[in-house]
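These notes are about the structure you will find just below.
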Amino acid sequence: MSVRSIRSTLALTAASLLVVALVATAVAAPKARQTPTRATKTVKGISTHWSPTIVRISAGDTIKWKAISNTHTVTSYRTNWHFNHSLPQGATVSHRFSHAGTFRFRCMIHSTLTNGVCSGMCGKVVVSG
């Protein structure tokens with residue numbers, strides 16, 4: 001066997017080992033974790049009502065309130081969350097809901113709250129786990 005033949009065999013063996021090592025590394029490498037897609041839903045303040053009044057989302061999703069017409073507030077009521085923002089016409093405010101539950105909100109300008117019962121411009125976010 002000539003020196004040239006030995007060198008060719010060694011080069012071919014080294015290349016084969018390199019390919020095997022690369023394939024083994026690719027197979028063994030953990031796949032990148034995919035982050036779940038987070039949704040943003042919009043609740044519009046139109047005249048004296050919210051549209052929609054009930055929004056269903058998953059934990060981790062975001063609600064954006066937008067004052068289409070008039071000035072509003074986005075004010076939580078009940079005790080499971082605290083949120084109170086003024087919303088001049090054209091403005092938006094957002095909140096990310098991190099855990100399951102029902103979260104009630106209202107506009108203090110266009111609603112009344114009597115004995116824990118909201119009338120008028122009232123809404124709720126229902127978050128599933």
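General remarks:
- Hey, T75 of a type in the set (V, I, T), more than 21 Å from T40 (Cβ to Cβ) and touching a strand residue (DSSP E or B) at 6+ places or on another chain (Cβ under 7 Å) or not: no
- In the stretch 47-70, the residues that are in contact (Cβ under 8 Å) with a residue 60 or more places away in the chain form Cβ pairs under 8 Å with partners that are open to solvent by 70 Å² or more (accessible area, probe 1.4 Å) and among the hydroxyl-bearing types (S, T, Y), at six or more places apart or across chains, as follows: A59/S98; D61/T40; I63/T40.
- The set of residues in the stretch 91-116 being over 23 Å from the mean Cα position of the chain (by Cα) and part of a loop (DSSP other than H, G, I, E, B) consists of N115, G116.
- M121 being touching a Cys at 6+ places or on another chain (Cβ under 6 Å) and of a type outside the set (G, A, S): yes
- Flag for W50 being open to solvent by less than 60 Å² (accessible area, probe 1.4 Å), touching a Leu at 6+ places or on another chain (Cβ under 7 Å) and in a strand (DSSP E or B): no
- Checking each residue in the stretch 71-103 for being farther than 21 Å from S128 by Cα, open to solvent by 60 Å² or more (accessible area, probe 1.4 Å) and of a type outside the set (V, I, T) picks out N84, H85, S86, P88, Q89.
- Tally, over the stretch 58-70, of residues that are over 17 Å from M121 (Cα atoms), of a type outside the set (S, T, Y) and either surrounded by fewer than 19 Cβ atoms within 10 Å (Cβ to Cβ) or modelled with pLDDT under 95 (or both): 2
The values are calculated or read from the model by the stated rules, or taken from the named source; none is laboratory data. Computed from a prediction, not measured in an experiment: that's the story for all the values here. Virtual Cβ from ideal backbone geometry, glycine too; neighbours counted across all protein chains shown. Keep in mind that these areas ignore ligands, DNA and RNA; they rest on the heavy atoms of the full protein, side chains included. Shrake-Rupley method; radii C 1.70, N 1.55, O 1.52, S 1.80 Å.
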